[in-house]
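The values are calculated or read from the model by the stated rules, or taken from the named source; none is laboratory data. As the structure is a computational prediction, the values presented were derived from the model and not from experiment. We place every Cβ from the backbone using ideal geometry, glycine too, and count neighbours over all the protein chains shown.
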Amino acid sequence: MLERRLTFYCGETGLTLFQLDKLKKLAGFFSSDVQVFNLQLLRSESVTKPLRVSTLASKPYQLCQLIITGADAELALLVLTDFIHEYACPLLFSSSDSKGNDILKQRMASLDFPFSFITSKQPQAVQNKASLLASLTRSLVEEKVFKTDDYQTVLSAIEKRESISATVMAEGIAMPHVMIEPILQPAMVITCCQEMDWQSPRGNISKVLMMVLPKPSPRCVLMAFSRFSKQLLQEPYAKALRQVSDSHVLQALIIEAMLASD
């Protein structure tokens with residue numbers, strides 16, 4: 001069944017019951033199921049139940065999605081996008097001056113440490129795990145996460161970690177990671193790829209999140225990445241990550257997981 005998702009931050013007042021009633025009426029024009037999914041609480045409710053949705057989207061700056069499934073999901077998305085533009089703050093693909101993207105910048109600034117977030121502009125066309133790991137590691141060099149002379153040291157450490165146990169964290173998602181001295185600051189590089197054998201009993205993957213941390217890392221860094229790793233084990237969150245390719249949405253999903261309450 002066709003599914004479309006629209007990711008947004010609630011505004012400074014959240015979504016009111018009046019607005020949620022309007023959302024219910026708009027959704028009723030389409031032969032699609034429309035859910036509001038709170039990406040921080042990992043709960044969803046049908047827009048046919050505005051009171052229940054208000055428990056998910058009435059607080060300021062909550063990160064949510066409209067999940068639209070049905071034969072006319074594409075058309076419903078067009079109409080409901082206008083609603084979100086009017087009453088909330090959507091994360092947009094290319095606009096640098098949208099309210100949603102501004103909120104994302106503020107949320108990233110809330111981290112207690114510098115963080116490099118790198119997304120590949122195009123899906124990786126490499127054919128195997130080894131070449132993909134090498135390519136992602138090179139992208140970290142280009143972003144000056146570590147010095148060029150340390151490339152082989154970092155790549156070898158990642159390969160060694162993978163040889164111990166393939167890091168498939170959720171269906172379709174691998175998270176190769178390492179903590180090593182040459183790393184200058186925490187970083188994550190993300191790419192989509194053709195379905196690939198990750199040499200794991202958990203099956204093939206199509207998205208890779210490479211995480212590198214300096215050694216030693218302060219407690220705030222370790223806790224943030226621990227929160228993200230725990231969130232990734234939750235299937236509703238993992239599904240949201242699998243289905244998104246836009247860099248702004250990816251960043252929002254990951255940053256909010258890092259900032260979650262312990």
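Worth pointing out:
- Sole residue being free of Cβ contacts under 8 Å to residues at least 12 places away in the same chain, closer than 23 Å to Met258 by Cα and of a type outside the set (Phe, Trp, Tyr), chosen from Ala187, Ala109: Ala109
- Selection status of Leu155, assigned by TED's automatic domain parsing to the domain that holds Pro201, within 22 Å of the chain's Cα centre (by Cα) and either part of a helix (DSSP H, G or I) or of a type in the set (Lys, Arg) (or both): no
- Count - residues of the stretch 210-224 that are closer than 18 Å to Ile158 by Cβ and free of Cβ contacts under 8 Å to residues at least 40 places away in the same chain: 5
- Screening the stretch 164-180 for residues that are modelled with pLDDT under 95 and more than 21 Å from Ala240 (Cα to Cα) and picking the one that is surrounded by the fewest Cβ atoms within 10 Å (Cβ to Cβ) gives Ile164.
- Any hit, the stretch 142-153, residues being β-branched (Val, Ile, Thr), closer than 21 Å to Lys207 by Cα and without any contact (Cβ under 8 Å) to a residue 60 or more places away in the chain: no
- Any chance Val178 is β-branched (Val, Ile, Thr), assigned by TED's automatic domain parsing to the domain that holds Val212 and within 24 Å of the chain's Cα centre (by Cα): yes
- Any hit, the stretch 222-237, residues being assigned to a helix (DSSP H, G or I) and closer than 25 Å to Ser131 by Cβ: yes
- The sole residue among Ser31, Ser46, Ser58 that is of a type in the set (Gly, Ala, Ser) and crowded, with 16+ Cβ neighbours inside 10 Å is Ser58.
- Looking across Gln251, Gln231, Gln243, Gln185, one residue alone is surrounded by fewer than 16 Cβ atoms within 10 Å (Cβ to Cβ) and either polar (S, T, N, Q) or under 16 Å from Ser120 (Cα atoms) (or both). It is Gln243.
- Residue in the stretch 50-58 that is at pLDDT below 95 and either of a type outside the set (D, E, K, R) or more than 23 Å from Lys239 (Cβ to Cβ) (or both) present: yes
- Residue list for the stretch 113-127, filter: at pLDDT below 90 and surrounded by fewer than 15 Cβ atoms within 10 Å (Cβ to Cβ): Lys121, Gln122, Pro123, Ala125, Gln127
- Residue pairs whose Cβ atoms lie under 8 Å apart, sitting 6 or more positions apart in sequence or on different chains, and linking a residue in the stretch 244-262 that is over 18 Å from Met223 (Cα atoms) to a partner that is among the aliphatic types (A, V, I, L, M) and assigned to a helix (DSSP H, G or I), are Val244/Leu250; Val244/Leu253; His248/Leu104; Leu250/Leu241.
- For Leu213, the stated conditions hold: it is in a strand (DSSP E or B), under 25 Å from Lys160 (Cα atoms) and out of contact with any Ser or Thr (no Cβ under 7 Å at 6 or more places or on another chain).
- Condition broken by His248, with the remaining ones in (1) within 27 Å of Arg43 (Cβ to Cβ); (2) outside any loop (DSSP other than H, G, I, E, B); (3) in contact with a strand residue (DSSP E or B) (Cβ under 7 Å, 6 or more places away or on another chain); (4) modelled with pLDDT under 95 satisfied: (3)
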